[in-house]
1. Helix by helix through chain B, keep the DSSP H runs that span 27 Å or more along the axis on Cα and average at least 1.0 on Kyte-Doolittle, and give those back in order.
2. Run the dipole for the range A:73-157 about the Cα centre, Lys and Arg Cβ at +1, Asp and Glu Cβ at -1, nothing else charged, and hand back the magnitude in debye, nearest 20.
3. How much FRET efficiency would the formula 1/(1 + (r/R0)^6) give for residue A:147 and residue A:501, where r is the Cβ-Cβ distance and R0 is 41 Å, rounded to 0.05?
4. I want to check the label-to-label distance for residue B:204 and residue A:165. Put each point 7 Å from Cα in the C-beta direction and report it in nm to one decimal.
5. Can you list residues from other chains, or at least 5 along the same chain, whose modelled amide H is less than 5 Å from the amide H of residue A:273?
6. Which one of B:94, A:491, B:221 is farthest out on the positive end of the charge dipole of the protein assembly as shown, using unit charges on Cβ (Lys, Arg +1; Asp, Glu -1) and the Cα centre as origin?
7. For each of A:78, A:480, count neighbouring Cβ atoms within 10 Å of the residue's Cβ, then give the residues from fewest to most.
8. Multiply the residue separation of residue A:172 and residue A:37 by 0.36 nm, subtract the distance between their alpha-carbon atoms, and state the gained length in nm to one decimal.
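Throughout, read-outs are computed from the coordinates displayed, never taken from laboratory work. Note that the coordinates shown come from a computational prediction; the quantities given were computed from them, not determined experimentally. Here the Cβ is made from the backbone with ideal geometry for all residues, glycine too, and neighbour counts use every protein chain on show.
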Amino acid sequence: MAALCAATAIIAVVVPFAAGLSLLGTVPMGLLAYRYRLRVLITATVAGAIIAFLIAGMGGFMTVVNCAYIGGLTGIVKRRKRGTPTVFLCALVAGAVFGVATVTALAILARLRHLIFESMTANINGLAAVIARIPDMQGAADQLKRDFATALAHWPYLFFASSVLSITMVTLIGWWALSRVIERLLGIPDVHKLESSPDAGAISPVPARLQDIRFRYPRSDHDALGPVSLNVEPGEHLAVTGANGSGKTTLMLVLAGREPTSGTVQRPGAVGLGRLGGTAVIMQHPESQVLGTRVADDVVWGLPPGKVTDVHQLLTEVGLDGLAERDTGGLSGGELQRLAVAGALAREPALLIADEVTSMVDQDGRDALMSVLSGLTQHHRMSLVHITHYNNEADAADRTVNLTGNGGAADNTDMVEIASAPAPTVAAVHHSDVPVLELNGVSHEYGSGTPWAATALQDINFAVHEGDGLLIHGLNGSGKSTLAWIMAGLTVPTVGACLLDGAPASDQVGGVAISFQAARLQLMRSHVALEIASAAGFSMYDQRRVSDALAMVGLDPTLAARRINQLSGGQMRRVVLAGLLAKSPRALILDEPLAGLDASSQRGLLRLLEDLRRHAGLTVVVISHDFSGLESLCPRTLHLQDGVLTPTPTTTGGMS
Amino acid sequence: MSAPTASRTQRKPVVLLRPVPGNSVIHQLWAGTKLIVVAAIGVLLTFYPGWVPIGMVALLVLTAAWLARIPRGTLPSIPRWLWILLFLGGLTATFAGGSPVIDIGSIDVGLGGLFNFLRITALSIVLLGLGAMVSWTTNVAEIAPAVATLGRPLRLLRVPVDEWAVALALALRAFPMLIDEFRILYASRRLRPKDVAITRRGRWRGWWLEVIDLLAAAITVALRRADEMGDAITARGGAGQISAAPSRPKAIDWVAFLIVLVVCGVALALELTILGTSAVTS
């Protein structure tokens, strides 16, 4: 399964890259061939080629096939640990085969060949005719005409030779690039958790009796969970609470069928993960759990062939009735999670495990999702285990188990907190009257003039002053991300202007720093020091500035030597901030800065940002669908609804 | 209708894999029908790229576009360099002269070269239009099930068609998410200060390192997404059904097949008999 997914993801990388620079498309394909079997590569090629065909016609199709061939060749050679000579030989052979194929195809398609050659001849002859008019160039023109005609007369050789030459060249370049990238890519950690259980016998996951369970991940020196004893009875709603690192997710894995390191699990039958009448799991990330492109397709996705499902009734139960034909891409986080519940219910599970399903959903979505979840055990014959770090969500349960976390706060122990931010590097001019950012009548429309035109923002006016703390609050699809991109100068609004210090922000990209929700996307280099140096524009050998930057965001300077892939989510966000702040930006925009962080990392990050704003005069704009905890960082709040600023009373304290 | 409301003229973006809103006859056709038709016409045009087949297929595409109510705004803006290239190509081809010769005043202009050039240009445009029609009128959710149905005969040859269809469906689902992530990747790249190397060699080196870093970041993101999707698949007990609605041709599809067959047949007949323009003459 992992291979299938990797194939999928790779296709999605190859297609856009292949469109721009086909050479780059070979690298992901090569990685695929290096990591998995040939069958995976073929699957990826077929799917990728079909998509490319839909986007760009025959040309796209050929590009993907070409990338797959070169990438596959280099990947397989690399896996077999052969060297450049092998690649060279293979490329020669492949070039010859491809050349013969091209020549044969053109020989059969005589009429098309004729047309192409005629048209090329016409162009060349025309060019020659022009050249001939220039005095003394008659000879050169004739020469050109003659040479081209000679070349065409021998077209099979010409095509064969150019095919061998170009394929050998491209293969060698692909090989060279892949050799460089592959070491970087081998360090990418495998974060997949669930493993499909080999099911023998009848499926019956409850009642489950867990006795003194401990769990230790491979290559780890402490238990992630345990010892824990607990029972899951049929038909009960059980809540499991606990802080980050207490082993909540690990408990989910054990319930879903993973063997504990020690202790016993007793069940009457097999776990049956994802099977009818077995165990269903709903996870944290709303987007990546939904597998179908259309709502109705997602509900039945993966069901055994022939199983008939009442999609309409399931969607009604989770409050998504009437959306069956909608694209899943347009749903909000809360709706996606409810859709995941419907998908789980389609399997009529005896045990449903919900693992932190509300943590990436806004408040409204959270309420709707909770009301769906708490009704489940009454309407179905199933047990519900709800894992959460919100205590109020646990109240709906029949019973609550609190994991105290003797596993140790594994991820966050090495995040050294420094009480107060050290000497500011940002110019500390407090609350001047000249605005830093000014938006005048800004409206934005995507895809203007096409049938897909969509208005994202309408007539937005506001100003942000030095040292301000502004919260832009809005739900999914309110246009707040577009607004953030405009303020950072990354998007030019269709109407109006966004001014940074009086000049258009789009001419000063980089003047306003922006921290995206997905921190990993902003970390491009391999190591922390390199990353910060590159983001801030100084040499990576300038250790003092690197450690200053790290200290500013409360990270230990020893972290500088760490690989990016070894950082936790909270650390990644701080490293991004370190890189951004070291450049002394005019303002800092944070898109959902707290999403996906546990409570203590959230508090730490907020305290840090508040310190920077108060003592270093940093201008902060936060974009969020949540208010909680942001009041002291952002004394001023703007509400954005459907692309319009709504006049809700704003608290304007803190502006001294 | 096209009074510009925006203060700046925006280049119309290329919209990918998103059908034009509507529920016309063309939208209702089974996705498999459209794929077969495109493949069949593609084969016809590569074997017989004469004026008659090109013209008739163009007529077919235009009729379909009219039926599907595709507005002109759907077409992406054509960059200026492409126009210039086309113009230059046409110009040099005209200078070559050729068999149909017309008199303009006192000059004889041979149009043979130009006609050949125009024919190959028209061929490319028609083929592109054909593909575009499919992606403008087909919901992406229908493509993978249609491929699974079409590929059913291949199953007898032990070709893993269903696996391909699942991969295709997942890729189409992941595509918009990853495009978004790449947009962010590109944006954060723009936010960074440019490395300024003094020597040309240093600049090249920097450029290469940057490309490799970007690739590594893109692949990291994609693989992470893949791992999460893999978890979701495992949680659903592996791959199985991919579509709630059955995917097979309806009555309307047979009508469409018939029309396309007649058009192609007539085009082929004309091309081979009285109006042949693609025969190898020399």
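1. Values: long enough: B:112-137 (37 Å, 1.45); B:161-191 (44 Å, 0.71); B:200-235 (52 Å, 0.05); B:251-272 (32 Å, 2.42).
Answer set is B:112-137, B:251-272.
2. 780
3. After rounding, the FRET efficiency stands at 0.10.
4. In this crude label model, residue B:204 to residue A:165 measures out at 2.0 nm.
5. A:197, A:279
6. B:94
7. Result, fewest neighbours first: A:78, A:480.
8. Details: separation 135, 0.36 × 135 = 48.60 nm, distance 2.21 nm.
Roughly 46.4 nm would be gained on extension.
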